1. Can you name the residue in the stretch 55-86 that is over 17 Å from the mean Cα position of the chain (by Cα) and not in a loop (DSSP other than H, G, I, E, B) and is also surrounded by the most Cβ atoms within 10 Å (Cβ to Cβ) among such residues?
2. Being in contact with a strand residue (DSSP E or B) (Cβ under 9 Å, 6 or more places away or on another chain) and in contact (Cβ under 8 Å) with a residue 40 or more places away in the chain is the requirement here; does residue 139 meet it?
3. If only one of 146, 154 is farther than 19 Å from residue 247 by Cβ, in contact with a strand residue (DSSP E or B) (Cβ under 7 Å, 6 or more places away or on another chain) and touching a residue at least 60 places away in the same chain (Cβ under 8 Å), which one is it?
4. Look at residue 108 and say whether it is surrounded by 15 or more Cβ atoms within 10 Å (Cβ to Cβ) and farther than 27 Å from residue 214 by Cα.
5. Please verify whether residue 87 is within 19 Å of residue 127 (Cβ to Cβ), outside the structural domain of residue 139 (by TED's automatic domain parsing) and in contact (Cβ under 8 Å) with a residue 24 or more places away in the chain, treating the condition exactly as stated.
6. Is one or more of the residues making up the stretch 187-203 over 26 Å from residue 241 (Cβ atoms), out of contact with any helix residue (DSSP H, G or I) (no Cβ under 9 Å at 6 or more places or on another chain) and touching a residue at least 24 places away in the same chain (Cβ under 8 Å)?
7. Test each condition in (1) buried (at least 19 other Cβ atoms within 10 Å of the Cβ); (2) in contact (Cβ under 8 Å) with a residue 60 or more places away in the chain for residue 36 and report the one that comes out false.
């Protein structure tokens, strides 16, 4: 009986891992949106999100996940992540939001002296299976959004390596695992792995990440996983700091 109870607890714990990271989240489909602000308009854009947009997103069926600005914000941008109940609801909720009289009023008033947003980049995602079972991490002072492009047919190998080795080895070095996703590529190409990794500050992150790279356990796991060929073709990584009103910190 005791063994059965422990097994049930372990299953419940694993199932609830992602909800521990995003308390109360019921989303299954996600979107990263990067807004490039017009010159001098980033503060106004941030203010509009805090005072109007976030509440109107929630009102119309979206979930606010995280709001970031790059540590080195050379492109005058803001990046945020939204959650949706499912893929089909994404366009429907955005249509409701776009036609909401409160949003139209807030947008018009905020753009009296000119538009705030120059352009928008979008990335659609679903949760990566088996990679969101970690405990809720301590709040991170700095985040790195990491995007992995794999060689053809190698994404499952990468996910297996993260599940069996990489996540635990990150934690060993003091790095904090946040949600893991795989992208939904509209052109049918292979999905990418996207995740957030955090630490108390950038200096600590860079030191701990170097320790991870040099860890003999990581070197052994990487080499074993690549015995039949390389897995990762390219990694894109950007440091972010969460805005004060970001739900995910």
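1. This residue is 57.
2. yes
3. 146 is the lone residue from the list that is farther than 19 Å from residue 247 by Cβ, in contact with a strand residue (DSSP E or B) (Cβ under 7 Å, 6 or more places away or on another chain) and touching a residue at least 60 places away in the same chain (Cβ under 8 Å).
4. For residue 108, the condition - surrounded by 15 or more Cβ atoms within 10 Å (Cβ to Cβ) and farther than 27 Å from residue 214 by Cα - is not met.
5. yes
6. At the first step, the residues of the stretch 187-203 found to be over 26 Å from residue 241 (Cβ atoms) are 187-191.
Still in the running and out of contact with any helix residue (DSSP H, G or I) (no Cβ under 9 Å at 6 or more places or on another chain): 187-189.
Narrowing the set further to residues that are touching a residue at least 24 places away in the same chain (Cβ under 8 Å) leaves none.
Looking through the stretch 187-203, none of the residues is over 26 Å from residue 241 (Cβ atoms), out of contact with any helix residue (DSSP H, G or I) (no Cβ under 9 Å at 6 or more places or on another chain) and touching a residue at least 24 places away in the same chain (Cβ under 8 Å).
7. Just one mismatch for residue 36, condition (1).
The values are calculated or read from the model by the stated rules, or taken from the named source; none is laboratory data. Please read these numbers as outputs of a predicted model, since none were measured by experiment. Ideal geometry is used to build each Cβ from the backbone, glycine not excepted, and the neighbour counts take in all protein chains shown.
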